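Take a look at the structure set out below.
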Amino acid sequence: MESQIKQIQEDLEIIKNRNKKVEQNKAWETSFFRKISIIVITYIVASLVMYFIGVPNFLLNALIPTIGFFLSTLSFSFLKNWWIEKFAK
């Protein structure tokens, strides 16, 4: 009986650690910091690519994919909620 209780406690600890890791990953995925980081990186990469391929006004044109990413972060929560209601029941 003692060994079973010990095993249950170990299993519970493993589950708690896994849940904490999942919560941390979810917090990262939905964080404002992550979104801003991706926006900045997207703008820098798009600017460099457009510069090297000779796009006029490359700094201004690099805003297009950057704004597209930003808009997609706004609409995904709506789409997610709709998808959950329709398909994930």
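Just so you know, all these numbers are worked out from the coordinates, no wet-lab data involved. Just so you know, these numbers come straight off a predicted model, no measurement behind them. Note: ideal-geometry Cβ built from the backbone for every residue, glycine included; neighbour counts use all protein chains shown.
Listed by first and then second residue, the pairs with beta-carbon distance under 7 Å, at least 6 apart or on different chains, first residue in region 67-86 and free of Cβ contacts under 8 Å to residues at least 60 places away in the same chain, second part of a helix (DSSP H, G or I), are Phe69/Ile38; Phe69/Ile39; Phe69/Thr42; Phe70/Ile39; Thr73/Lys35. Select from region 25-63 the residues that are surrounded by 11 or more Cβ atoms within 10 Å (Cβ to Cβ) and charged (D, E, K, R) and write down the one among them that is farthest from Thr73 (Cα to Cα). The qualifying residue farthest from Thr73 (Cα to Cα) is Arg34. Here the condition is being of a type in the set (Lys, Arg) and over 17 Å from the mean Cα position of the chain (by Cα); of Lys16, Lys80, Lys21, it holds for Lys16 alone.
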